[in-house]
Every structure is written in structure tokens, then in C-alpha cells.
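FYI, it's all coordinate maths here, none of it is from the lab. Just so we're clear, the structure is a prediction, and the values are computed from it rather than from any experiment. A quick note on method: Cβ atoms are made from the backbone with ideal geometry, for glycine too, and the neighbour counts reach across all protein chains shown.
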Amino acid sequence: MRRRKRVTGIMTAILMAGVMAGCSVQAGKQVEPTTGKQQTKETVQETVQETELQKPTHPAPSQIQPFPDVEKETKAEPLIGGKRIILMTDIHYLAESLTDRGNMFQSMVEHGDGKLTNYVWEITDAALEEIKLLSPDALIISGDLSLQGEKKSHEELAKKLDEVEKAGITVLVIPGNHDINNPSASVYSGGDRYPAEPTAPEDFERIYKEFGYSEASSRDANSLSYTYDLGPSMRLLMLDTCQYEPRNKVGGMIKTETYEWIKEQLKQAARDSVILLPVAHHNLLEESKVYADDCTIEHSEELIQMLEGENIPLFLSGHLHVQHFMRNNDIGIYEVVTSSLSTPPCQYGVLDYMEDETFYYYSRKVDMEKWARKNKSTDENLLNFDTYSPPVLKRIFYNQAYDAMKNSAEEETGSVFVKLTESEKQQMAKVYGDINAACYAGRAYEVVKEAVKQPGYAMWKEYCYPAILYEYLEYIIEDAVRDYNVLSME
């Protein structure tokens, strides 16, 4: 897979703001499901349903029990013959005491990567309240629990997660690239930003000890990886793919010693005849072809080979902030990437994983308007969240493109012979915002047909500039062939 060289100069700093928060701007054998017993191609038949170029009808397997009417607030019935798991990722929670919601904070939101950090408290509370009603077997949060690794943010979020566990729901976490040894941990006050206390690896383990670490069936001595038995027939392989010594890095990597531990866990799962479901923050496959270096686990080929060698059909991750899935070489392991909870449409994943290793995954949007009504909010943005949030996300991505064009070092020095007019910048930024917002939701296919007819897109084609944004835009359009919110394997 071709990997793009890094961009230098002022434009890089702007564009990498998105990458530093995720990777959203961004070889193996045939998999055969197994139930712990040796199976052959003749005894295994799988049917994969992927929704292409049309809205899904969300057909659920007959074993899946429907969710309750949310307004009635009755708990869902338990899943028969499998486990229901909620996937939540990239919350980027910020402790309320670390901001006065002043100018610096608002600028960070408006010129960021799409996160609604100005409403992260309400989004988190609403999502966790829904989880309690849905009564899954487990809630998995696959990293980037905090905005920038602030210790107070982790501690505050852990208290909220404790309430979920008190409701009888298992909560399991792993770190993301923002969570540990992050020098960008900040307090936002007025027009300034000050350093906040960061989180060391031992702090992370202590704060979240009740959410996987103290109950692990096995712990890796060289990372924050662990396994957790979700009942007698399923084991979760929770992988720490982050680099944080001496400070955090964006990209993911698994230590050599951790690979040895993973090998042993694969063998042990086979001996115990249990299903093994791997989860990580970083991506197993090259879900982002533009930013593969920062999104995909370094040398992930080794991990792919190990997992496919054991006929493991599914891998779960986050980091990208984009709702997406793909399959290795179209015949190997599937990876489902759940989008960022704090980024519109503010959703999480629901996975029904059956004992025969068939599965059904779909995303579920947090009902912010219902939460606002229930909590008697007077905030019009929350009461009308479904109309408020989409244009906000488009505006943030508009700013991202416009800032890149306005502040490009290449343009200023004349090393790139592109001089865009103000009108051209605005039209190009609008097209970029519209397409990228739909991409984040996993539904770019709904907008690209009309978007590419706009004059602003013709300008992207003519100028191919800024180059890295143009390449990203073209990748989205090429990839917009299906709805990435629904995947089932039978």
C-alpha cells in the first residue's frame, strides 16, 4: 500500500491538528469462523452482508432481541446465544474544572478536528444513560478517553463509568494515544491555555483499575494490554497499541514482548475453547490510506497473520474518528472502526457477537434531544441537537480547509504556483466540509454524487491544492461506495 510522505511547513501544523486527535483526515489467509473446534472450508459457510449505495434496512438476525422504546425507558431484553457489546471510543472527555469555556476554548473547538468538546459533558452523560437502558453484556471504550491526557479528566470520567458498573454492566477500557504522558494536557482560561497535570501509565492503570485491569484473566507485563473473560465462552483481547515513553506519539505500535504475550493468549484461548475478540485503539488495517503511518499499527502484518492463523473473524478499533470498516484482502479478517463519540453524529457501535462467531454490528446515534428534554435543559442547541450539530461539523471542516489555504507556507513563499481568490477558497472549503462531514458519519455515499457537481469541487480538480487535502478528498470519494454503519457476517 502506498504511503504518503509527510507534509512540512505551516500547513502541516494545521492539518495535523486533526491527525493528532485521531487519523480522520487521514496478507493473509481466508478466515473461517470457529467455535473453538477445528473446522474446514466444507463445514463453514459464511455470508457477508455489506450495505452498498443505499440506506440500510438494518435487518437483524432472528436471535437479536429488539431494543426498547427509548422514551419508555425500559431495559432491553438480554441477547440469546451470544453477547451484546457496546463499542464507544474517542470520547476525548475534558474535566469541567479545566475550562471556563472562554475564547481559547471556543477557538480550539471551532478550529479543531470536529469534536464538540463544548458539549462533551452532556454527550457523555446522555450516552452512558442510554447504555444503562440497553443493558449490554459489556461497554468497551477503546481509547482516547480524555481530551489530551489530563489526569482530572480521567478521574472525572472514571466516576461516571463507575455508575454504569453499578447498573450491572461490565466496563472495559484501554488507552489511546492522547491518554498517557501527553504534554498537551491543558487548562483553558480566557484567551490563554496553561499546562494541566498529565497522566502517567501507572496513573491510568490505577484510575481505571475497576474497568478491566483488576479483573483481567491475564496481564501483559510490558504494556497495559490484558484479557478479560466475558462469560465462559468469550474472551476479550484488549490491546494497548500506544506509544507513550517518554511522551505520547500519534502512531501505534506493539512491543516485541507484547507480541509474545499475544501469541500465548491465542494458544490459551484455543486450549480453553473460547472465542477471542481483539480490541485496540489503533487500526489493524489501512483504513486511512492518506495517513496510514499515524493510524495503522506499525508492522501490523505480524498481528494480522497471527489473528488470521487462528481464524479470528473480527477486530475492533477507534482512533480514526470516522465510521468505517474493511476486510483484509477481501477474504481475511474484518475490522470495524467506530467513530468518535464526541464528533457528530455522536454515535457508538452495537455488536451482537454470537457463539458461532457470526456477528451483527451497527451504529446508534445518541439521542441528545431526548436527554435534553428529560433533564429539562434550556439550551436550544441541545434541545435541537439534530439540526444544530451537522452544520457545526461542516463549519469546523470548512475552517480546517480554509485555514490550510490561508496559512499555507507553500503559497506564501510561492513554491507552489497557486494563488486562490477569496471566492475560490470559500467554495472549495464548503465542498470539503460537506463531503468530510458525511465521511465521518460513514455515509459519504449519500452526498458525493451531488457534491462533485459543485464549482468548488471543480476547483479542487483544477488546482489539486492544498495537495494533502485534495488527496484526502479524492480518497473519500473513491471510498464512498456503501454505508459503513452496518455490517453482518452469517
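Here are some notes:
- Were the residues from residue 301 through residue 217 laid out at 0.36 nm apart, the gain over their Cα-Cα distance would be 27.6 nm.
- Distance from the C-alpha centroid of the stretch 100-121 to that of the stretch 273-323: 30 Å, rounded to the whole angstrom.
- Residues 360, 194, sorted so that the one with the fewest Cβ neighbours within 10 Å comes first: 194, 360
- Checking every one of the GluC sites (Glu not before Pro) in the stretch 178-279 against DSSP loop status and a limit of 14 other Cβ atoms within 10 Å picks out 215.
- Among residues other than residue 82 with Cβ under 11 Å from its Cβ, the summed charge is -3 (Lys and Arg +1, Asp and Glu -1).
- As a length-normalised measure over Cα pairs under 8 Å and 6 or more apart, the relative contact order of the stretch 380-483 settles at 27 percent.
- Going by neighbour counts of Cβ atoms within 10 Å, the residues 368, 253, 489 line up, fewest first, as 253, 489, 368.
- Derived scalar couplings between HN and Hα for the stretch 293-299 equal 4, 9, 9, 8, 4, 4, 6 Hz in order, rounded to whole Hz, by the Karplus curve 6.51 cos²θ - 1.76 cosθ + 1.60 (θ = phi - 60°), x for Gly and Pro.
- In terms of its C-alpha gyration tensor, the stretch 229-320 has a prolate overall shape, because the principal axis ratio a/c (a ≥ b ≥ c, square roots of the eigenvalues) is not below 1.5 and a/b outweighs b/c.
- Of all beta bridges that DSSP places with both ends in the stretch 304-374, some 75 percent have antiparallel geometry.
- For the stretch 60-216, the square roots of the Cα gyration tensor eigenvalues, ordered a ≥ b ≥ c, give a/c of at least 1.5 with a/b greater than b/c, which places it in the prolate category.
- Radius of gyration, Dmax [the stretch 146-234; alpha carbons; angstrom]: 14.9, 54
- Taking the number of Cβ atoms within 10 Å of each Cβ as an exposure proxy, the fewest-first ranking of 434, 203, 90, 100 is 100, 203, 434, 90.
- For residue 298, the residues 5 or more places off, or on other chains, whose built amide H falls under 5 Å of its own are 252, 253, 254.
- Over 32 Å between alpha carbons, listed pairs 160/430; 425/449; 419/449; 83/370; 83/430: 160/430; 83/430
- Gyration tensor verdict on the stretch 360-490 (Cα atoms; rounded if a/c is under 1.5, prolate if a/b is larger than b/c, oblate otherwise): oblate
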